[in-house]
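One structure below.
The values are calculated or read from the model by the stated rules, or taken from the named source; none is laboratory data. This is a predicted model, so every value here is computed, not measured. Ideal geometry is used to build each Cβ from the backbone, glycine not excepted, and the neighbour counts take in all protein chains shown. Only protein heavy atoms, including side chains, enter the accessible area calculation; ligands, DNA and RNA are left aside. Shrake-Rupley method; radii C 1.70, N 1.55, O 1.52, S 1.80 Å.
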Amino acid sequence: MQNLASRPELVEDVADLLAQQWPEQSFSTRAHGLHAYCRNHGSGSLPCHLVLLDRNDTSRVAAHCRLQRACESADGFSAAITSVIVKPDLRGRGLGRQLLSCIELEAA
């Protein structure tokens with residue numbers, strides 16, 4: 001799993017995946033927002049877009065999730081997963097579970 005900010009060349013692949021799943025926002029709008037995220041966020045900061053790469057082709061995104069701050073308290077802050085998606089042709093292989101396990105480690 002990698003932070004999209006460290007792999008901006010994957011923005012179009014992520015934007016395409018998100019636009020296919022949730023077509024109410026266009027590919028170009030999503031790509032523009034993701035490029036802005038890559039320019040303005042370093043790894044370790046929230047919100048963050050995390051990608052799981054295809055094991056057979058590391059230039060291809062297999063899954064994506066977005067982690068963001070949910071609320072702050074005296075103990076720090078809580079994080080919320082606001083999006084999880086696996087490419088349709090790769091579903092049913094446990095990638096979603098793998099991604100969620102990685103997200104838990106990232107958020108801890």
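Data table
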| read-out | value |
| --- | --- |
| Simple spin-label estimate for residue 68 and residue 93 in nanometres, 7 Å along Cα-Cβ | 2.9 nm |
| Distance histogram for the range 1-98 (every C-alpha pair counted, 5 angstrom bins, percent rounded to whole numbers) | 2, 13, 23, 25, 19, 11, 4, 2, 0 |
| 1.4 Å probe accessible area per residue over the chain, in Å² | 58 Å² |
| In degrees, nearest ten, helix 11-21 long axis to first principal axis of the chain (Cα) | 80 degrees |
